[in-house]
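The values are calculated or read from the model by the stated rules, or taken from the named source; none is laboratory data. These numbers come from a predicted model, not from an experiment. Cβ placement follows ideal geometry from the backbone for every residue including glycine, while neighbour counts extend to all protein chains displayed. Calculation scope for accessible area: heavy atoms of the full protein, side chains included, ligands and nucleic acids excluded. Shrake-Rupley method; radii C 1.70, N 1.55, O 1.52, S 1.80 Å.
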Amino acid sequence: MSTTTPSETPRASVLVVNSGSSSIKYQLVTPDNGEAIASGLVEQIGEGVGAVKHVAHGTTTRRELPVPDHAEGLRIVLGLFDEIGPDLEASHVVAVGHRVVQGGACFDGPVLVDRDVERLIEELSPLAPLHNPPNLTGIRVAQALLPDVPHVAVFDTAFFRHLPEAAATYAIDAQVAAAHQVRRYGAHGTSHQYVSQQVAGLVGRPLEDLHQIVLHLGNGASASAVRGGVAVETSMGMTPLEGLVMGTRSGDIDPAVVFHLHRNAGMSIDDIDDLLNRRSGLKGLSGVNDFRALHDLVAAGDAGARLALDVYLHRLRKYIGAYYAVLGRLDVIAFTAGVGENDDIVRAGVLSGLEDLGIEVDLARNEGRKSEPTVISPDGARVTVLVVPTNEELAIARQALEVVGA
């Protein structure tokens, strides 16, 4: 007979699944205290040999084995929980939270997955052809393997669903836009929402009082303007291609470049798609899309790398100025994600020269990688500048928990 008392009831946990085109990223999270009980990654799905990593109990298990499809990938994941732990049943899993990139105009928050939700995710796939199909595959496979647990979809676009119409609307023929769902949807919304909410506690002010700029800087990068906890602008558009310079994406570009390359360079639409999404950005300008390699090239005097860094910083600085104007007042700038949390050169470089706007960086505070929330502006600065590590898995877990009411 069990001797567990009510006070010893295990904390509810959520299994968070992020299913990509050839990968499955997962994390078992206890939403109330933010602890990641276990995490892992299955890569190279559909290739000859897949790579699997499972982290639990302070140890990392790595294996190479065939992973022909997502179904087998998730079976391997569940097998690792059975073999190595932690035991999912003993962990009191109350929901599976799924990251879905594109929610379109249909979803402004997390939802319990049913057939109608699956249908809408599928119908929205033309707006995110690289993301929604594998997201949906992960949902369906997980439902088949974990049929007794509710599944919740959490959308990257939800935080930006209610952007002001002036910000969300493109100036093209209104009937064409409506017929083909052409508008600004944004992306990285889960991260922008999580970080902007964390900021309020860190600066000790009500979220409703704060005017913020959040800079999510990774291989994909986006900026947002958040007033009173509500997003009023964001840099990514109908797709994640628009906006900031990124690792391999161009960001903002004259649309006529597409026509020019098609008509005069003989490039097909697919060729141009590949160019702008995979062979542009830092990689297109310098040959590398890793900032560590880029900084090494700059230090060695490589002119292409120097230009790439300058273009990257210039674009970011331009967005900060634009969002300052949109907000009318600026209280906080928050850096997050891989580059934002780890690259002090980028952080200092972006904000250099903005002192007259009340934006300053204390170079000593800014130095190095930041694994904890850190203020990097000087005491008394008009605008507080922070580094706030993002935690999209925790955000998804908490939203999933709210939906299932556990």
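Bridge orientation summary for the chain: considering DSSP beta bridges with both residues in this region, about 70 percent are antiparallel. If the chain linking Q175 and R279 were pulled fully straight, counting 0.36 nm for each residue of separation and taking away their Cα-Cα distance, it would gain 34.1 nm.
Basic side chains Lys and Arg get +1 at the Cβ, acidic Asp and Glu get -1 at the Cβ, and with that the dipole of segment 264-406 about its Cα centre reaches some 200 debye. Here segment 264-355 has 52 percent of its accessible surface on carbon and sulfur atoms, given a 1.4 Å probe and all protein chains in place.
Based on protein heavy atoms only, segment 25-66 ends up with 53 Å² per residue of surface accessible to a 1.4 Å probe. If the segment from E89 to S352 were pulled out straight at 0.36 nm per residue, it would be longer than the present Cα-Cα gap by 89.5 nm.
Each residue of segment 380-391 is assigned a 3J(HN,Hα), and the resulting list reads x, 4, 5, 10, 7, 10, 10, 10, 10, x, 7, 8 Hz, derived from the Karplus form 6.51 cos²θ - 1.76 cosθ + 1.60 (θ = phi - 60°), x at Gly and Pro. Summarising the amide proton neighbourhood of G50: residues at separation of 5 or more, or on other chains, whose placed amide H is nearer than 5 Å comprise L65, V67. Using the Cα atoms of segment 203-360 to build a convex hull, what is its mean projected area in square nanometres? Computing the convex hull of the Cα atoms and averaging its projections yields 10.2 nm². Compute the acute angle (0 to 90°) between the alpha-carbon long axis of helix 392-404 and the principal axis of greatest extent of the alpha-carbon atoms of the chain; round to the nearest 10°. Taking the Cα atoms of the chain, the angle to 392-404 is about 50 degrees. Our Cα-only numbers for segment 78-123 put the radius of gyration and Dmax at 14.8, 42 Å. Distant-in-sequence amide contacts of S13, defined by a placed amide H-H separation under 5 Å and a gap of 5 or more residues or a different chain, comprise V93, V94. For segment 121-209, the per residue solvent-accessible surface stands at 46 Å², with DNA, RNA and ligands left out and a 1.4 Å probe. Taking all protein chains as they are arranged and a probe of 1.4 Å, the heavy atoms of D273 leave approximately 70 Å² accessible to solvent. Using a 10 angstrom cutoff on alpha carbons, build the Gaussian network for the chain and name the most mobile of E64, E43, E392. Answer for the Gaussian network model of the chain: E64.
Note on segment 1-105: with charges restricted to the Cβ of Lys and Arg (+1) and Asp and Glu (-1), its dipole about the Cα centre is near 240 debye.
Remark: accessible surface ordering of I139, I172 (largest first) is I172, I139, probe radius 1.4 Å. Taking all protein chains together and a 1.4 Å probe, the residues R347, R115, R140 rank R115, R140, R347 from largest to smallest accessible area. Value of Rg to Rh for segment 317-406, rounded to two decimals, is 1.07; Kirkwood radius and Rg both from alpha-carbon coordinates.
Here the 3J(HN,Hα) profile of segment 65-70, calculated from phi with Karplus coefficients 6.51, -1.76 and 1.60 at θ = phi - 60°, is 6, x, 10, x, 7, 5 Hz, Gly and Pro shown as x.
Taking only the C-alpha atoms of segment 1-111, the Rg (one decimal) and the largest Cα-Cα distance, Dmax (whole number), read 15.8, 51 Å. Using the rule -39500 (n - 2.57) for each DSSP H run of four or more residues, divided by the residues of the chain, the 222 nm mean residue ellipticity is -11000 deg cm²/dmol. Over the chain, with a Gaussian network built from C-alpha contacts below 10 Å, which listed residue (R263, R227, R183) shows the highest mean-square fluctuation? Ranking R263, R227, R183 by mean-square fluctuation puts R263 first. Panel note: the C-alpha atoms of segment 69-168, placed on their principal axes, show extents of 53, 27, 22 Å (largest first). Across segment 26-36, computed HN-Hα scalar couplings (Karplus, 6.51 cos²θ - 1.76 cosθ + 1.60, θ = phi - 60°) run 9, 7, 9, 10, 9, x, 5, 10, x, 6, 8 Hz from first to last residue, x flagging Gly and Pro.
Counting only Cβ charges, +1 for Lys and Arg and -1 for Asp and Glu, the dipole size of segment 86-215 around its Cα centre is about 300 debye. For the set L65, L363, L28, the ranking by accessible area, highest first and with no ligand, DNA or RNA atoms included, is L363, L65, L28 under a 1.4 Å probe.
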